[in-house]
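Comments concern the structure below.
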Amino acid sequence: MRPLRNFTLALLSAMLLVLLYPNLIFPGFSMPWLAPIALAPLLISLAGEPRPLWRFLLGEFTGLVYWFGICYWIQFVLEVHGGMGRWGGWGTFALFCVLKALHLALFSILAAVLLDTTYAVAAIAALWTGIERTHGTFGFAWLTLGNAGIDMPLPLRAAPFAGVYGISFLFALTSAVVAVLILRRGRKQLYWLAIVPALLLLPALPPREIPAETTLVVQPNLPADQEWTPASAGAERDHLIMESLSSSLQGSEQLIIWPESPGPFYFYADPTFHREATQLAQAGHSYFLFGTVAQTREGAPLNSAVLLRPDGAFIDRYDKINLVPFGEYVPPFFGFVNRITQEISDFVPGNRLVVFPMSYGKDMHRLGVFICYESAFPDEVRQFVKGGANLLVNLSNDGYFGHSAAREQHLEIARMRAVENSRWLIRSTNDGITAVMDASGRIDERLPPDRELVEHMHFAFRSGTTFYTNYGDWFAWGCLMAASIALVWSQRPNYTPHRKP
């Protein structure tokens, strides 16, 4: 009965982790308050399993269920937009889940070793946090355990100091405390919970403020699977230009924002769009920020954001650095998968971080623009703020996700970037979720999805930098180092030489 019990506990942990965010079962609903205990059942199952291989399998099983429940929309993307068919999409997605679950499998093997130590609680929390940081380094980053704390004011205080990984550490630590208490490994482990009230020593998040600036945000709501002809692309381009122009004349905004390329609008390859974009900036007396496809000197496509001045002059271009696996490039291990986007070749990453200068009113400001999936990389986003950006903008096209939970998940991820860097963030998307969030991650304005909208939205510029902005993922990497030292130290008795009598 032991394997059945342990796998049941592992399944419970997986379901708790899935329920922290919008998921396969509840696309628009989540239960983040489960985060402080989500890992406890898995840790209890590891304590009851002495065999390393079975510990690995327990972690792999937990990871499989988790990634399936959270990223189920990848199968839809592969089937519908990747042209792989139902079985090809499911097969590739299953392989993806197996590979991503390896992180949890590794955590399980090592956490089981640490459970027998006197410093188990802190070491396991550090191990979880350190391994969690490696997701982006080794391929695909998405939700972290800490993202569940986006609406929890006390844990959220750690984000401007240690990033989202500080919150992950806190939730992993409370789960470890619950596990060792149930396992009766000593009540002294309760002392670690003193970290929770100690968060009150950190500065409080910025209070609500009334935003003084206005921007015009366009949500085109163009179908991701639409077959474009030169005539239909031209008609849609002209329509969006006219809608933007007519709305901008009615307001006082000095910034017009279009999302990540919602259609075949090529600023560099289409002279008509180049001319109309310039005229829109001039007629609206506004800065014009929009997504487009640029090219390298060799002709490879780049996913880019361009900013024009109110006189129509070109300011600069940012080329997306972190590309979407399967969406913009195919990982080498998955070379058999079709590209989802229909460019002449795979997208290539940019190699330059750009902070756009912008004279807004009588003041000079700087704009940090990151594109779509880059919101999942905290260390990259903070570089914009460190470079001087006092407003963040996330251009995205979540139409490829369909009506899945991915849009809500993506919004939660972006909200955490606002908190880490204490900046207002405007999220402009093709079909939702378009929103403005303040420096504490609160959603100030939000547009309904799946509708064509041209709306005046409000924001504020902020100055100053947080500890996380200045020093990045110091805490996560420190946790990985501390966990490694704890693992080595735990094995010291096994290698102590015995003296001959």
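The values are calculated or read from the model by the stated rules, or taken from the named source; none is laboratory data. As the structure is a prediction and not an experimental result, all values here were calculated from the model. Positions of Cβ are generated from backbone atoms using ideal geometry, with glycine treated the same way; all protein chains shown enter the neighbour counts.
Below is a table of values for the structure above.
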quantity	calculated
Total residues in the range 198-222, condition within 26 Å of the chain's Cα centre (by Cα), in a loop (DSSP other than H, G, I, E, B) and on the phi < 0 side of the Ramachandran plot	11
Residue that is surrounded by the fewest Cβ atoms within 10 Å (Cβ to Cβ), among those in the range 49-59 that are of a type outside the set (Phe, Trp, Tyr) and in contact (Cβ under 8 Å) with a residue 12 or more places away in the chain	Pro52
Evaluation of Ile257 against (1) surrounded by fewer than 18 Cβ atoms within 10 Å (Cβ to Cβ); (2) under 20 Å from Gly350 (Cβ atoms) (one fails), failing number	(1)
Any hit, the range 18-33, residues being closer than 22 Å to Ala120 by Cα, in the same structural domain as Ala172 (by TED's automatic domain parsing) and of a type outside the set (Gly, Ala, Ser)	no
Cβ pairs under 6 Å, 6+ apart, first in the range 19-48 and modelled with pLDDT of 90 or more, second of a type in the set (Phe, Trp, Tyr) and buried (at least 21 other Cβ atoms within 10 Å of the Cβ)	Ala35/Phe171; Pro36/Phe171
Only listed residue being buried (at least 24 other Cβ atoms within 10 Å of the Cβ) and either among the aliphatic types (A, V, I, L, M) or farther than 23 Å from Val113 by Cβ (or both), chosen from Ala162, Ala204	Ala162
Any hit, the range 82-91, residues being in the same structural domain as Leu16 (by TED's automatic domain parsing), within 21 Å of Ser404 (Cα to Cα), in contact with a Ser or Thr (Cβ under 6 Å, 6 or more places away or on another chain) and touching a residue at least 12 places away in the same chain (Cβ under 8 Å)	no
Selection from the range 97-108 of residues that are assigned to a helix (DSSP H, G or I) and in contact (Cβ under 8 Å) with a residue 40 or more places away in the chain	Leu99, Lys100, Leu102, His103, Leu104, Ala105, Leu106, Phe107, Ser108
Some residue of the range 217-232 being touching a residue at least 60 places away in the same chain (Cβ under 8 Å) and closer than 30 Å to Ile167 by Cβ	yes
Check on Gln342, at pLDDT 90 or above and more than 19 Å from Ser428 (Cα to Cα)	no
Which listed residue is at pLDDT 95 or above and over 14 Å from the mean Cα position of the chain (by Cα), from Gly130, Gly146	Gly130
In the range 134-154, the residues that are surrounded by fewer than 24 Cβ atoms within 10 Å (Cβ to Cβ), within 22 Å of Leu104 (Cβ to Cβ) and not aliphatic (A, V, I, L, M)	Thr134, His135, Gly136, Thr137, Phe138, Gly139, Phe140, Trp142, Asn147
Scope the range 32-55; condition over 27 Å from the mean Cα position of the chain (by Cα), in a helix (DSSP H, G or I) and not β-branched (Val, Ile, Thr); matching residues	Ser45, Leu46, Ala47, Pro52, Leu53, Trp54, Arg55
Qualifying residue in the range 232-250 (condition: within 26 Å of Met358 (Cβ to Cβ) and part of a loop (DSSP other than H, G, I, E, B))	yes
Complete set of residues in the range 6-36 that are closer than 26 Å to Val180 by Cα, surrounded by fewer than 17 Cβ atoms within 10 Å (Cβ to Cβ) and among the β-branched types (Val, Ile, Thr)	Thr8
Any hit, the range 407-428, residues being of a type in the set (D, E, K, R) and over 25 Å from Gly166 (Cβ atoms)	yes
Residues that are of a type in the set (A, V, I, L, M) and part of a helix (DSSP H, G or I), drawn from the range 121-145	Val121, Ala122, Ala123, Ile124, Ala125, Ala126, Leu127, Ile131, Leu145
Of all residues making up the range 375-389, the number that are surrounded by fewer than 24 Cβ atoms within 10 Å (Cβ to Cβ) and either free of Cβ contacts under 8 Å to residues at least 60 places away in the same chain or in contact with a Leu (Cβ under 9 Å, 6 or more places away or on another chain) (or both)	4
Scope the range 285-302; condition in contact with a Pro (Cβ under 9 Å, 6 or more places away or on another chain) and crowded, with 16+ Cβ neighbours inside 10 Å; matching residues	Ser286, Tyr287, Phe288, Phe290, Gly291, Val293, Ala294, Gln295, Leu302
Selected residue (criterion: surrounded by the fewest Cβ atoms within 10 Å (Cβ to Cβ)) from residues of the range 260-284 that are at pLDDT below 90 and more than 27 Å from Arg297 (Cβ to Cβ)	Ala283
Matching option when the condition is of a type in the set (Val, Ile, Thr), in a strand (DSSP E or B), at pLDDT 95 or above and in the same structural domain as Phe370 (by TED's automatic domain parsing), among Val306, Val293	Val306
Matching residues in the range 344-389 - criterion: being closer than 20 Å to Val324 by Cα and part of a strand (DSSP E or B)	Gly368, Val369, Phe370, Ile371
